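Structure, as structure tokens:
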Amino acid sequence: MAGRLEGKVAIVTGAGRGIGRAEALALAREGCRVIVNDVGGSAAGEGRDTTPAEEVVAEIKKMGGEAVPNFGDVTSMADGEAMVKQALDTWGRLDILVNNAGILRDRIIFNMTEAEWDAVIAVHLKGHFTITKHAAMVFRQQRSGRIINTSSESGLGNLGQANYSAAKEGIVGLTRTLALDLGKYGVTANAIRPRAATRLTLSPEMEAARARRAQLAAQGQEPATPPTSAEDAIARIASMSPELVAPLVVYLCLPEAANVNGRDFIVGGDEISLMSLPTREKTIYKKGGWDLESLIEVFPGTLGAGLVNPRPPEQS
């Protein structure tokens, strides 16, 4: 399959379903050879099944591409190293890493267990590190490479997703640092915040919250609290195809995107948005440093002016 990525080799994690599957297929259409990684677990990360990865490999081969399955666990350093080794042993090179694998264990923070926290952090945040470390060693040596990480708008804050939000915004910080660590070697690292209808974005909990709000709207009632930005996004993505995320991922792997490094994008449906980099919004100075009494006097009219509590206490 001749294409813009002819001769390149990619690893795509979580590629058996949803966004990862769409990314693997899109890369293959451009001539890329693909390691299709997926453990085949549930949305909560439970169980194992080789079928999802094998089916995507079969799809790629059917359209004339090259692919091999990988059933490694992204939380394992050994499995991360093995994925990179598989690419090198199979095709002699590695050019692209798309970190996509993820799970959900949603719970309000006071009900969340340590196991639920650890599992989500391990798959999302550590799961980006385990493969990236070994891929980066190859990329540094060959002085080229593309890393695409998967964050989420939930990283901006979303009800009942403390573990997921922390992991996803951690991935953005990781991405910015990878850009600095690896940029001089001709490597770029960028992150996407995808909007698409998948097992994770349309989880039972998310669907229930969306249905409740839709029911209230149909009854002409206002919900007790306004939806968060992430809840708004979830309501909009129910009809969005994962295939609409993949073109940006492919673009970021092309020579034309060599100057795009350390940035993150919202992508889904008709929209692609470049996110701003955090910067100081307001600053106050006091010679000798701030004491409590001075802050009580000055803070409300300066740094605190116009601030609104996004989740004010409910009236009893």
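We did not get these values from a lab; they are worked out from the coordinates using the rules stated. Computed from a predicted structure; not experimentally measured. As a convention, Cβ positions derive from the backbone with ideal geometry for all residues, glycine included, and neighbour counts pool all protein chains shown.
What to note about this one:
- Comparing G170, G183, F129 along the charge dipole axis of region 124-192, the residue lying farthest to the positive side is G183, per the Cβ-charge model.
- Packing-based ranking, highest mean first, of 129-138, 10-19 given that Cβ atoms within 10 Å are counted: 10-19, 129-138
- Eigen-decomposition of the gyration tensor built on the alpha-carbon atoms of region 6-97 gives equivalent ellipsoid semi-axes of 20, 16, 10 angstrom, largest listed first.
- Region 162-195-region 248-316 distance, computed between alpha-carbon centres (Å): 17
- Karplus-derived HN-Hα couplings along region 14-28 (A = 6.51, B = -1.76, C = 1.60, θ = phi - 60°), whole Hz, x at Gly and Pro: x, 8, x, 8, x, 4, x, 4, 4, 5, 4, 5, 5, 5, 5
- Amide H to amide H distances under 5 Å link V39 with G14, where only residues 5 or more positions off or on other chains count and H is placed in the peptide plane.
- Potential lengthening of the chain between A82 and I296 amounts to 71.4 nm, from the contour at 0.36 nm per residue minus the alpha-carbon distance.
- Applied to region 252-260, the Karplus parametrisation 6.51 cos²θ - 1.76 cosθ + 1.60 on θ = phi - 60° returns per-residue 3J(HN,Hα) values of 5, 8, 8, x, 4, 9, 4, 8, 8 Hz, with x for Gly and Pro.
- Pairwise alpha-carbon distances in region 37-169 exceed 20 Å for 50% of all pairs.
- Residue exposure proxy: D118, D79, ordered by other Cβ atoms within 10 angstrom of their Cβ from fewest to most, comes out as D118, D79.
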